[in-house]
Amino acid sequence: METKRSAFGIGETVLDIIFKNDQPQAANPGGSVFNSMISLGRSGVPATFVSQTGDDHVGDIVVNFLRDNGVCPDYVFRQPSTKSHISLAFLNDQNDARYQFYKDHASVQLTQDFPNVQEGDVVLFGSFFAINPVIRKQVLQFMQRAKQRGAMVYYDINFRKPHLADLPVCMPNLLENLALSDVVRGSSEDFEILYGERDSTVIYEKHIKPRCPFLIYTDGAREIHVHTPDNHLTFPVQQIPTVSTVGAGDSFNAGFVYGLIKEQILQEQMVNLQPDKWSILIEHGQRFSREVCQSLENYISKK
């Protein structure tokens with residue numbers, strides 16, 4: 001796909017080790033936004049990733065994997081004398097994952113040099129990395145600069161129970177992220193943890209709409225809800241056999257961003273986006289997600 005618009009992501013890196021019946025099945029470089037950027041790089045979108053990883057062999061794997069999949073790794077900070085993060089994903093009988101994380105969020109640092117985001121580009125961020133107080137100043141600086149330059153900002157909340165104790169400190173950062181964003185995606189799990197609520201209309205009206213005009217609400221294999229200032233749209237989710245759901249949401253994000261660029265939808269067009277265009281964007285997201293659910297990789301295949 002030939003385009004002058006680029007995608008940028010800022011997020012964490014981990015090595016995901018996937019288990020089935022307590023036996024390791026695969027080990028993939030990962031991280032929520034990382035997974036999305038690999039899918040975008042593989043789909044032909046010019047992609048750049050901003051992150052941090054350890055000064056170890058796992059860090060070598062991460063950086064080389066980005067480069068080999070068409071993602072610029074020049075802004076991944078190799079932190080001296082630190083170990084890269086590890087994530088264990090245990091698949092149940094339905095191939096849904098339960099996670100254990102081995103990370104040191106308190107030691108995370110970022111490069112002082114950020115990529116040159118331009119008007120029309122799309123910036124993707126999310127998960128705990130986006131609200132971590134340790135690197136908040138740098139993440140906020142990058143996102144504010146991207147917003148000022150006219151980039152479209154896509155925020156995947158992706159908040160999980162292991163960070164529940166951090167929520168009182170991090171909630172102001174999360175609210176600030178919502179206000180910086182053009183599109184917010186959140187899962188039913190995210191919102192139940194954050195607000196004790198699963199009704200997408202209540203969530204949108206009370207928590208999202210005052211800060212961001214567009215919400216994509218996903219709920220596993222159940223239908224997807226899109227809330228805009230003028231519409232509440234629903235889209236069915238195609239039921240498919242799965243090998244692993246690790247990376248499914250990340251791939252949906254990548255597909256949606258791919259759709260924004262492929263369909264040539266700019267930030268100023270979002271406010272008047274018609275239901276048929278939303279349907280196309282959501283289908284791009286679902287197509288990427290379906291692909292990933294049928295493999296042990298966290299990203300769409302190179303094919």
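Once you sort the root eigenvalues of the Cα gyration tensor of region 98-139 as a ≥ b ≥ c, which label holds: rounded (a/c under 1.5), prolate (a/b larger than b/c) or oblate (the other case)? Write out the running numbers ahead of the final one.
Values: a/c = 2.82, a/b = 1.62, b/c = 1.74.
Oblate is the answer for region 98-139, as a/c is 1.5 or above yet b/c matches or exceeds a/b.
Under 1.5 on a/c is rounded, so check that first for the chain, then, if it is not, pick prolate when a/b is larger than b/c and oblate when it is not; a ≥ b ≥ c are the square roots of the alpha carbon gyration tensor eigenvalues. Can you show the working numbers first?
Working: a/c = 1.27, a/b = 1.15, b/c = 1.10.
Verdict is rounded for the chain.
On a straight-distance basis, which aspartates and glutamates could pair with Lys262 in a cross-link, Cα separation under 17 angstrom, same-chain partners fewer than 8 positions away excluded?
Filter leaves Glu2, Glu119, Asp121, Asp276, Glu283.
At 0.36 nm per residue, minus the direct Cα-Cα distance, what do Tyr102 and Gln23 gain on full extension? Give it in nm, one decimal, please. Please report the intermediate quantities before stating the final value.
Working: separation 79, 0.36 × 79 = 28.44 nm, distance 1.82 nm.
Taking 0.36 nm per residue and subtracting the Cα distance, the gain is 26.6 nm.
Kindly sort Asp166, Asp93 by accessible area of their heavy atoms, largest first, with the probe set to 1.4 Å. Walk me through the numbers on the way to the answer.
Working: Asp166 60, Asp93 130 Å².
In descending accessible area the options line up as Asp93, Asp166.
Can you give the % of DSSP beta bridges in the chain that are antiparallel, to the nearest 5? Before the final figure, lay out the partial values.
On the way: 21 of 55 bridges.
If we restrict to bridges inside the chain, about 40 percent are antiparallel.
How large is ³J(HN,Hα), in whole Hz, for each residue of region 69-78 in order, when computed from phi with the Karplus curve 6.51 cos²θ - 1.76 cosθ + 1.60 and θ = phi - 60°, using x for Gly and Pro?
After applying 6.51 cos²θ - 1.76 cosθ + 1.60, I find 10, x, 10, 5, x, 5, 10, 8, 7, 8 Hz.
Dividing the convex hull volume of the Cα atoms of region 204-301 by its residue count, what figure in Å³ per residue is obtained?
Values: hull volume 9.5 nm³, N = 98.
Measuring per residue, one finds 97 Å³ for the Cα hull of region 204-301.
My understanding is that a pair violates if its Cα-Cα distance is over 31 Å; which of Lys147/Lys206; Lys161/Lys303; Lys209/Lys277; Lys83/Lys161 do that in this structure? Mind showing how you got there, number by number?
Working: Lys147/Lys206 24 Å; Lys161/Lys303 35 Å; Lys209/Lys277 20 Å; Lys83/Lys161 24 Å.
Over 31 Å Cα-Cα: Lys161/Lys303.
Normalising by the residue count of the chain, find the relative contact order in percent from Cα pairs under 8 Å and 6+ residues apart. All intermediate terms of the calculation are to be shown ahead of the outcome.
Working: 626 pairs, mean separation 52.4, N = 303.
Here the relative contact order equals 17 percent.
Under 5 Å between amide H atoms, partner at least 5 residues away or on a different chain: which partners does Ala151 have, H built in plane at 1.01 Å?
Gly120
Taking the solvent-accessible surface of protein heavy atoms with a 1.4 Å probe, what is the per residue accessible area of the chain in Å²? Each step should come with its number before you reach the end.
Values: 13160 Å² over 303 residues.
Solvent-accessible surface per residue comes out at 43 Å².
Can you tell me how region 113-228 classifies by the Cα gyration tensor, rounded, prolate or oblate, using a/c under 1.5 as the rounded cut? Walk me through the numbers before you get to the answer.
Numbers: a/c = 2.06, a/b = 1.33, b/c = 1.55.
It comes out oblate by the Cα gyration axes.
So how much slack lies between Asp55 and His232, counting 0.36 nm per residue of separation and subtracting their Cα-Cα distance, in nm?
Separation in residues times 0.36 nm, less the Cα-Cα distance, equals 59.0 nm.
What spacing in nm lies between the two simple spin-label points modelled at Lys137 and Glu223, each 7 Å away from Cα in the Cβ direction?
In this crude label model, Lys137 to Glu223 measures out at 4.8 nm.
Considering only protein heavy atoms, what is the solvent-accessible area of Tyr154 at a probe of 1.4 Å, reported in Å² to the nearest 10?
0 Å²
Would you list Ser6, Ser51 from the most to the least accessible area, probe 1.4 Å?
Values: Ser6 25, Ser51 0 Å².
Result of the area sort, largest leading: Ser6, Ser51.
On a 1.4 Å probe surface of the protein chains, which of Arg290, Arg145, Arg67 comes out largest in accessible area, and what is the full order?
Working: Arg290 45, Arg145 70, Arg67 130 Å².
Output order, biggest surface exposure first: Arg67, Arg145, Arg290.
With r defined as the distance between the Cβ atoms of Asp74 and Lys4 and R0 fixed at 25 Å, what FRET efficiency is calculated, to the nearest 0.05?
Working: r = 19 Å, r/R0 = 0.77.
Given R0 = 25 Å and the Cβ-Cβ separation, E is 0.85.
Considering only protein heavy atoms and a 1.4 Å probe, what is the carbon-and-sulfur percentage of the accessible area of region 164-303? Show your work: numbers first, answer last.
Numbers: 3130 of 6260 Å².
Carbon and sulfur: 50 percent of the exposed surface of region 164-303.
The values are calculated or read from the model by the stated rules, or taken from the named source; none is laboratory data. No experiment lies behind these values; they were computed from the predicted model shown. Heads up, the Cβs are rebuilt from the backbone with ideal geometry, glycines too, and the neighbour counts pull from every protein chain shown. Note: areas computed on protein heavy atoms with side chains; ligands, DNA, RNA excluded. Shrake-Rupley method; radii C 1.70, N 1.55, O 1.52, S 1.80 Å.
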